[in-house]
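The values are calculated or read from the model by the stated rules, or taken from the named source; none is laboratory data. These figures come from a predicted structure and were not determined experimentally. So basically every Cβ, Gly included, is an ideal-geometry build from the backbone, and we count neighbours across all protein chains shown.
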Amino acid sequence: MNKNFIFFSKLSLLLVLFVILAGSLVRMTGSGMGCPDWPKCFGYLIPPTSIDKITWKPNQIYGEGVMILYKEKFYNSKNKFISEESFESSNWIPYTKHDYTKFDPLNTWFEFINRLIGAIAGFSTLIMFFLSTYEYKKNKNVTFLSGLVVLSMGFQAWLGKLVVDSNLSPYKISIHMLMAIVIVCLIIYIIKKSDAKY
């Protein structure tokens, strides 16, 4: 197999293992709801570092989709606007997927880093799949399995969304973890099938 494919196969395996480790740390620190929405975090690509950032304030510019905490409830902004002196409910959509309303910057960043590593791992598996297509005629199984890994990573991301939306339902967390183990096994099998020495 192509050396680049071997490299990205091993890199993908390492990154997925890092995601599992990060997920374990998220679980151990109780940070699973550090980002109460998905795929963004409080409506931001880079999460807030203080509660002041998500607390409603007058005369404040709010971007579309950002999340605020107002009277112990989360809201998402409908559009970009400047807030007035009083809270205008017409500018906001109540966040109803769950009733979790806590904010802890440490938990938020634990969860954000977990998601970030997951996104990098997903990108790595995508490169692995594209590289496998160059060897399709020689080893169709590796190409097929690499594509299956990419689909599994997408499915895993969707499971992560369900875990957050359910406010950490135990059985959904278990399925999420099981899927991570399946992905690890698939990548190890791909490495073995491609005759890589590891």
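Checking 126, 116 one by one, the residue that is buried (at least 17 other Cβ atoms within 10 Å of the Cβ), under 30 Å from residue 178 (Cα atoms), out of contact with any Cys (no Cβ under 9 Å at 6 or more places or on another chain) and modelled with pLDDT of 95 or more is 126 and no other. Selection over segment 47-74 of residues that are under 20 Å from residue 167 (Cβ atoms) and outside any loop (DSSP other than H, G, I, E, B) gives a count of 7.
If I filter segment 67-82 for residues that are in contact (Cβ under 8 Å) with a residue 60 or more places away in the chain and under 22 Å from the mean Cα position of the chain (by Cα), do I get at least one hit?
Within segment 67-82 (the criterion being in contact (Cβ under 8 Å) with a residue 60 or more places away in the chain and under 22 Å from the mean Cα position of the chain (by Cα)), the answer is no, since none of the residues qualifies.
Tell me whether segment 5-14 contains one or more residues that are among the small types (Gly, Ala, Ser), assigned by TED's automatic domain parsing to the domain that holds residue 165 and surrounded by 14 or more Cβ atoms within 10 Å (Cβ to Cβ). Yes, the conditions are met somewhere in segment 5-14.
Pick out the one residue from 171, 134 that is aromatic (Phe, Trp, Tyr) and either crowded, with 18+ Cβ neighbours inside 10 Å or free of Cβ contacts under 8 Å to residues at least 60 places away in the same chain (or both). Step by step, each of 171, 134 is checked, and only 171 is aromatic (Phe, Trp, Tyr) and either crowded, with 18+ Cβ neighbours inside 10 Å or free of Cβ contacts under 8 Å to residues at least 60 places away in the same chain (or both). Every condition in (1) at pLDDT 95 or above; (2) in contact with a helix residue (DSSP H, G or I) (Cβ under 9 Å, 6 or more places away or on another chain) holds for residue 83 except the one numbered (1).
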